[in-house]
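The values are calculated or read from the model by the stated rules, or taken from the named source; none is laboratory data. Everything numeric here is computed off the predicted structure, so don't read it as measured data. Reconstructed Cβ throughout: ideal geometry from the backbone, glycine too, with neighbour counts over all protein chains shown. For the accessible areas, the whole protein counts, side chains as well, though only heavy atoms, and no ligand, DNA or RNA atoms are used. Shrake-Rupley method; radii C 1.70, N 1.55, O 1.52, S 1.80 Å.
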Amino acid sequence: MATDALSVSGLDIYYGQSQVVHQLSMGLRDGRVLALLGRNGAGKSTTLNTFAGLHRARSGGIKLAGRPVERMSPEGIARAGMRLVPQGRRIFPSLSVLENLQVAEQAAAKSGGRQAWNLERVYATFGRLKERARQRAGTLSGGEQQMLAIGRALMGNPRVLLLDEPSEGLAPMIVAEVAQAIKTLKADRLSIVLVEQNFNLALEVADDVVVLNTGRVVHAGSADSVRAEPELATRHLGVF
Ligand SMILES: Nc1ncnc2c1ncn2[C@@H]1O[C@H](COP(=O)(O)OP(=O)(O)OP(=O)(O)O)[C@@H](O)[C@H]1O
Ligand SMILES: [Mg+2]
């Protein structure tokens, strides 16, 4: 049996006494996009942060290409090939686009490993970033900042990319650009977990869908299975 890019079993996640994710199991196959959907507060960011090692699950396992990572540090997990682009995009606003990418490149070089991604390749994927290489990142549009945040993650040569609401706060035209970027990365065989409130964007790019409702998986299946069952969306996602 082929090893999943990411394989998660029986995750229980708490904040103090309060359990926010219950027995989450899911698998992400190589080169696929899995959309993790759910209403506000469903536990999506908590789940991604736990995958990335920023928060510890109380129990359960997380395997990256077959290797257990649930006890590793965030840096170790990033080096092992899983990178998070957090909700709200973390970039250095006072540095230029180029400098932001260089900082990420230096950090990746220090940790060794294969250098599949470099500046040229990021620029080839996001032409807009190349045009704005010398511009201060804080003055980029929301969509451009999102592309820069993804570009910085790519510089770390991930096998699995975790995207937390990349379309949040973006105008529809820019959302279309983000969708295009995700499709390009998928064509490049990257494996992606995409957290989205934008239901249409998620279904446009995803192969597989997991729906969370208050920390519990209420649906897991193909994107087609969700399209075929509009009732799911109204019940668990608040989409009408
Ligand atoms: N640091 C924290 N301490 C305590 N509770 C938290 C913390 N972070 C999140 N929570 C709670 O955990 C639950 C899940 O939050 P989470 O941020 O994972 O949801 P989400 O699905 O990402 O929501 P959104 O769509 O609004 O981003 C919520 O009830 C939230 O209030
Ligand atoms: Mg969130």
TODO: Express the accessible area of the range 120-240 per residue in Å², computed with a 1.4 Å probe while the remaining protein chains stay in the model.
DONE: 43
TODO: Return the FRET efficiency for the residue pair residue 124, residue 71: r is the Cβ-Cβ distance, R0 is 22 Å, and the value is rounded to the nearest 0.05.
DONE: 0.05
Task: Proportion of all alpha-carbon pairs of the range 30-79 beyond 12 Å (%) - done: 68
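Could you work out the Kirkwood radius for the chain, taking every pair of different alpha carbons, averaging 1/r and inverting it, reported in Å?
18.1
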Task: residue 106-residue 17 pseudo-label distance in nm [points 7 Å out on the Cα-to-Cβ vector] - done: 4.7
Open item on the list: For the range 160-231, what are Rg and Dmax over the alpha carbons, in angstrom?
Closed with: 12.4, 33
Task: Computed [θ] at 222 nm, deg cm²/dmol, the chain (DSSP H ≥ 4; -39,500 (n - 2.57); rounded to nearest 500) - done: -10500 deg cm²/dmol
Open item on the list: If you consider only alpha-carbon coordinates, what radius of gyration and Dmax does the range 110-233 have, in Å?
Closed with: 15.9, 49
Task: the range 68-98-the range 32-59 distance, computed between alpha-carbon centres (Å) - done: 15
Open item on the list: Can I get the semi-axes of the range 90-170's equivalent ellipsoid? Compute them from the C-alpha gyration tensor as square roots of 5 times the eigenvalues, in angstrom, largest first.
Closed with: 19, 15, 11
Task: Calculated FRET efficiency for the pair residue 87/residue 58, C-beta based, R₀ 22 Å, to 0.05 - done: 0.45
Task: Dipole magnitude (debye, nearest 20) for the range 55-157, charges at Cβ of Lys, Arg, Asp, Glu - done: 300
TODO: Have a look at 190, 148, 24 and tell me which one the Gaussian network model of the chain (Cα, springs below 10 Å) gives the largest fluctuation.
DONE: 24
Open item on the list: Going through the cross-link list 44/110; 44/130; 63/186; 63/130, which pairs have a Cα-Cα distance over 27 Å in this structure?
Closed with: 44/110; 44/130; 63/130
